[in-house]
Amino acid sequence: TTVGSKIRFGLVAVKNVGEGAIESIIDARKNGRFSSLYDFCERVALQKVNKRVVESLIKCGAFDSTDAGRRQMMESLEDVLDYGQRVQKERSGSQISLFDVVGSGLRPTMPAIDEWDEKQLLAFEKESLGFYITGHPLTRYEALLDKFTNANSISIKEKNDGATVRIGGIIRNTKTIKTKKGDLMAFVTIEDLLGSIEVTVFSSVYKKIHDFLVDDNPIVLQGQVQKDENSVKILVDSLIPIDKVEETWTASIHFNLDITKIERTRLAELYDIINKHPGLCLAYIHLRDPDKTETIIALPDTMKLKAGSALTREVNRFLGYNAVETVCREAAASPQLNNFRKKGLGN
């Protein structure tokens, strides 16, 4: 249900939260909002709202309004539930107890610990809700996906049958079967930021990539579009972990140096940094005098480099500005590669 600019999500759809628990929560809410996990466990009927229910509510973010961290609440849940049960038992008794006198003063203390990382937070949201609420595991890879892929689960529908595509996503489901020859192949569901698509991994490819076919694993694959009247699928040619995309599919690396800001001695230091990242990519140094000249130097084959965040981060930190550019293989990069070839920079 939309409420202004927000969405209210029904508790009945949260894993492990049944109608009995929800009715108890609603009944307790009649006396006001829950101010904390302690307050919640003091007021709801804990014989209906058990530990599994509270765990799912914490994981999906239902207690975020209390300002306690999700990991904090999970780590202290046993103690808080015990506390809530004692409070309720004392309240139901006929005599005044310490809980009536000092109340929250006896509340257990939550540990001062860091929150789960984003990957773990999102995994728990997916576990308890069936989808992500506060983000998506692919969000931090958007720049890579924009550069190295040419399709997504929506745009692929416009591709021609047989077209070669690259698409990135999270592995959601893998069904492995045996062929008549006894070889293994797989049917895999890939989810990206916009939807999902089915891909087929034949036995010849399966042998090479089966270790990567793990649920929730972020990957990028290349293959051919297979279309019929009712569906669009991909026949996989290759598949790699998303953090290997740059080093696998980068054609060349370019260092853009402002010669008005760098001294000759610093070039020697840059040479040492570059030499720490040997690999398979061609590399070029662009010596630029802004608005005047640009000299391009192709590094020898003996200085091919490994593309990736480690090289980019180290060079940019050394120079103090974003100096590293990469050109990826395949159609998305062909205009830029053609320009470099016209300048005699090789393939």
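The values are calculated or read from the model by the stated rules, or taken from the named source; none is laboratory data. Quick caveat, the model's predicted, so the values are computed rather than measured. Cβ placement follows ideal geometry from the backbone for every residue including glycine, while neighbour counts extend to all protein chains displayed. Each accessible area value is taken on the protein alone, full model and side chains, heavy atoms only, with ligands, DNA and RNA left out. Shrake-Rupley method; radii C 1.70, N 1.55, O 1.52, S 1.80 Å.
Please work out if residue 122 is in a helix (DSSP H, G or I) and modelled with pLDDT of 95 or more.
Numbers: in a helix (DSSP H, G or I): yes; modelled with pLDDT of 95 or more: no.
In short, no.
Being assigned to a helix (DSSP H, G or I), surrounded by 14 or more Cβ atoms within 10 Å (Cβ to Cβ), at pLDDT below 95 and on the phi < 0 side of the Ramachandran plot narrows it down to one residue among 265, 248; which is it?
Values: 265 fails: surrounded by 14 or more Cβ atoms within 10 Å (Cβ to Cβ).
It is 248.
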### Task
Within region 153-181, work out how many residues are more than 24 Å from residue 329 (Cβ to Cβ) and among the charged types (D, E, K, R).
6
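Would a scan of region 336-343 turn up a residue that is surrounded by 16 or more Cβ atoms within 10 Å (Cβ to Cβ), modelled with pLDDT of 90 or more and of a type in the set (A, V, I, L, M)?
Taking region 336-343 as the starting set, the residues that turn out to be surrounded by 16 or more Cβ atoms within 10 Å (Cβ to Cβ) are 337, 340.
Among the residues that remain, those that are also modelled with pLDDT of 90 or more are: none.
No; the residues of region 336-343 include none that is surrounded by 16 or more Cβ atoms within 10 Å (Cβ to Cβ), modelled with pLDDT of 90 or more and of a type in the set (A, V, I, L, M).
I'd like to know if region 133-150 contains one or more residues that are more than 20 Å from the chain's Cα centre (by Cα) and hydroxyl-bearing (Ser, Thr, Tyr).
In the first step, residues of region 133-150 are kept if they are more than 20 Å from the chain's Cα centre (by Cα); the result is none.
No, region 133-150 has no match at all.
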## Note on the structure
(1) without any contact (Cβ under 8 Å) to a residue 24 or more places away in the chain; (2) open to solvent by 60 Å² or more (accessible area, probe 1.4 Å) all hold for residue 189 apart from (2)
### Message
Name the single residue that is nearest to residue 162 (Cα to Cα) among those in region 216-239 being under 22 Å from the mean Cα position of the chain (by Cα) and surrounded by fewer than 18 Cβ atoms within 10 Å (Cβ to Cβ).
### Response
238
## Note on the structure
Cβ pairs under 6 Å, 6+ apart or interchain, first in region 285-301 and under 15 Å from residue 267 (Cα atoms), second open to solvent by 60 Å² or more (accessible area, probe 1.4 Å) and modelled with pLDDT under 90, ordered by first then second residue, are 287/259
### Among residues of region 158-203, those that are assigned to a strand (DSSP E or B), farther than 15 Å from residue 239 by Cα and small (Gly, Ala, Ser), counted
1
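Here's the yes/no breakdown for (1) more than 30 Å from residue 192 (Cα to Cα); (2) small (Gly, Ala, Ser); (3) in contact with a Gly (Cβ under 9 Å, 6 or more places away or on another chain):
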{"position": "228", "(1), (2), (3)": "no, no, no"}
{"position": "242", "(1), (2), (3)": "no, no, yes"}
{"position": "257", "(1), (2), (3)": "yes, no, no"}
{"position": "273", "(1), (2), (3)": "yes, no, no"}
{"position": "294", "(1), (2), (3)": "yes, no, no"}
